[in-house]
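Below is one structure; the comments refer to it alone.
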């Protein structure tokens, strides 16, 4: 239900004609004029009932008390919503609001329902003269989430799935599973000094508290390095990426997509919005723990922005003619973007966003046995990807695995084999009953400087959506069957990968190690510094030579001292700083400052090329996306 309350000097309306067949009967067509009255425009939506009418009357009473008046006009106004209740239900709810308002002792008037009316109003000019409320039934949590105990919202409806609601009250038992198969309750596990990150991860997961209490350290780094920043003109959780950040994102996206292609993923592209009333969508939404963004099309269809690539890939697979010989079928999409309306208190830098790029790869398998074989392959894929990006599964990340008691009882050896591949103790969340569409889910998690954990690589065993979406394949015996589906992201959201890399850099700094990004992700790999303006031609020649060898380099041609230029290179975390002067040009040997080693060495350009290419071997390359000369670059005030 939506209420727009206006404190007016006067309102007048005149019924003209019936707008719908269910319009009220015996309505006078005389003009009605009322003065010094609150006009409450009301739109009744699907699911609204007498209980919500009582909530509406309470809300009206609160507003009238603030205005110190008791006169009200209840005015049916369908234009406040595109999710209107049937006429019969709507008029009943409006009459209930009228009944409750009269019982409160108000002087109540009501405009006729279902009529086209001419309408004029003059709103008073004070701060409380206009008031909008969106009212929700507290029991309708499967479709909506109220922000207050009374079910009153000041903004648009936020869709919340049954799965998300159940997740918050889900009863789990927590265990530590070691690679040798020993599983101990968390309370009984003997955490060693080397298990500090695992202990922090356990504390975070078992507390189930996601709100950000303090700012993680990567936020300062993402701004200071000119990678990304908040966009004040957008919804919170939507970020702006500067050239350096965009280059980093693109390189990671290229790498992950390449590795998925090598694994056998067939890249596709699907829409970013879907009809929320589509039977498969509506059902799946309530099985997926995410909040969604809704919107209305020009033909009043209720759409939502995707929160994963599942919808498009499943609908696509449904239209394929599949045989068991085609399985496992691997579909892949890098979503730019997926949208999840996360709680504002959980948004913090790049850790948790409302719009993000997600590599999403589904495998459609014949049965649970093929799914287990495929999941092990994808675990290897994910381990390779996340380690190559620069996040170590042996030192930096923690693993969680979640499954039902039934799955564990029937597949204990498989679970132990999976944990053995990780090679360290992992956190287990054991469910007595299944609340989601999956029976097993594993993830690599990064624990940041504030003790908050964020999932990166992940995979799920889905036993519902093959049937839900009508995806079928012809089995060897000729029967039609629904596949088991795996949901894998080998890296997790690209933005969250950057978050983890920066947080890891911050941790390096606290240990006295110079923080640095992997060289293949560094925006500038070589900074060339001219001792004087007469050396710029040689700098340009070296820069061109490095570019030909797919090495990103730039030239500090500013009117600054060499020491200041070297200092700036350090501030930007540039691994190689090359100084070009008379002696270097004459000898063909150049002084290179290697930032991570904290030393100066003499090298030829060919030696420098060989060293950098060895360090970046096998990783994607993109050219510099800023002017090569620093004097031509804008100053980014992040």
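The values are calculated or read from the model by the stated rules, or taken from the named source; none is laboratory data. Remember, predicted model here, so these are calculated numbers, not experimental data. Reconstructed Cβ throughout: ideal geometry from the backbone, glycine too, with neighbour counts over all protein chains shown.
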Conditions (1) within 23 Å of residue 424 (Cβ to Cβ); (2) modelled with pLDDT under 95; number of the one not met by residue 336: (1)
Qualifying residue in the range 39-51 (condition: surrounded by 15 or more Cβ atoms within 10 Å (Cβ to Cβ), assigned by TED's automatic domain parsing to the domain that holds residue 133 and more than 36 Å from the chain's Cα centre (by Cα)): yes
Flag for residue 334 being touching a strand residue (DSSP E or B) at 6+ places or on another chain (Cβ under 7 Å), over 30 Å from residue 419 (Cβ atoms), part of a strand (DSSP E or B) and in contact (Cβ under 8 Å) with a residue 24 or more places away in the chain: no
Condition met for residue 617 (in a loop (DSSP other than H, G, I, E, B), within 38 Å of the chain's Cα centre (by Cα), surrounded by fewer than 17 Cβ atoms within 10 Å (Cβ to Cβ) and in contact (Cβ under 8 Å) with a residue 60 or more places away in the chain): no
Single unsatisfied condition, residue 322 versus (1) farther than 13 Å from residue 363 by Cβ; (2) out of contact with any helix residue (DSSP H, G or I) (no Cβ under 7 Å at 6 or more places or on another chain): (1)
Which listed residue, of 291, 258, 262, is under 20 Å from residue 365 (Cα atoms) and either surrounded by fewer than 18 Cβ atoms within 10 Å (Cβ to Cβ) or not assigned by TED's automatic domain parsing to the domain that holds residue 626 (or both): 262
Residue identified as touching a strand residue (DSSP E or B) at 6+ places or on another chain (Cβ under 6 Å) and either farther than 23 Å from residue 246 by Cβ or surrounded by 18 or more Cβ atoms within 10 Å (Cβ to Cβ) (or both) among 522, 530: 530
Subset of the range 422-432 (residues that are over 17 Å from residue 173 (Cα atoms) and within 28 Å of the chain's Cα centre (by Cα)): 422
Qualifying residue in the range 230-244 (condition: within 23 Å of residue 522 (Cα to Cα) and part of a helix (DSSP H, G or I)): yes
Flag if residue 514 is outside any helix (DSSP H, G or I) and either touching a helix residue (DSSP H, G or I) at 6+ places or on another chain (Cβ under 8 Å) or under 21 Å from residue 605 (Cα atoms) (or both): yes
Residue in the range 382-390 that is modelled with pLDDT of 95 or more, surrounded by 16 or more Cβ atoms within 10 Å (Cβ to Cβ) and over 18 Å from residue 497 (Cβ atoms) present: no
Check on residue 563, free of Cβ contacts under 8 Å to residues at least 24 places away in the same chain, in the same structural domain as residue 527 (by TED's automatic domain parsing) and under 26 Å from residue 246 (Cβ atoms): no
Strands (runs of 3 or more DSSP E) contained entirely in the range 536-599, each with at least 1 residues that are surrounded by fewer than 16 Cβ atoms within 10 Å (Cβ to Cβ): 590-594
Subset of the range 122-137 (residues that are out of contact with any helix residue (DSSP H, G or I) (no Cβ under 7 Å at 6 or more places or on another chain) and surrounded by fewer than 17 Cβ atoms within 10 Å (Cβ to Cβ)): 122, 123, 124, 125, 126, 127, 129, 130, 132
Some residue of the range 460-471 being surrounded by 19 or more Cβ atoms within 10 Å (Cβ to Cβ), in the same structural domain as residue 327 (by TED's automatic domain parsing), under 21 Å from residue 208 (Cα atoms) and out of contact with any helix residue (DSSP H, G or I) (no Cβ under 8 Å at 6 or more places or on another chain): yes
Residue tally, condition farther than 30 Å from residue 506 by Cα and touching a residue at least 24 places away in the same chain (Cβ under 8 Å), over the range 443-472: 12
So residue 430, is it touching a residue at least 40 places away in the same chain (Cβ under 8 Å), closer than 23 Å to residue 207 by Cβ and either in contact with a strand residue (DSSP E or B) (Cβ under 9 Å, 6 or more places away or on another chain) or surrounded by fewer than 24 Cβ atoms within 10 Å (Cβ to Cβ) (or both): yes
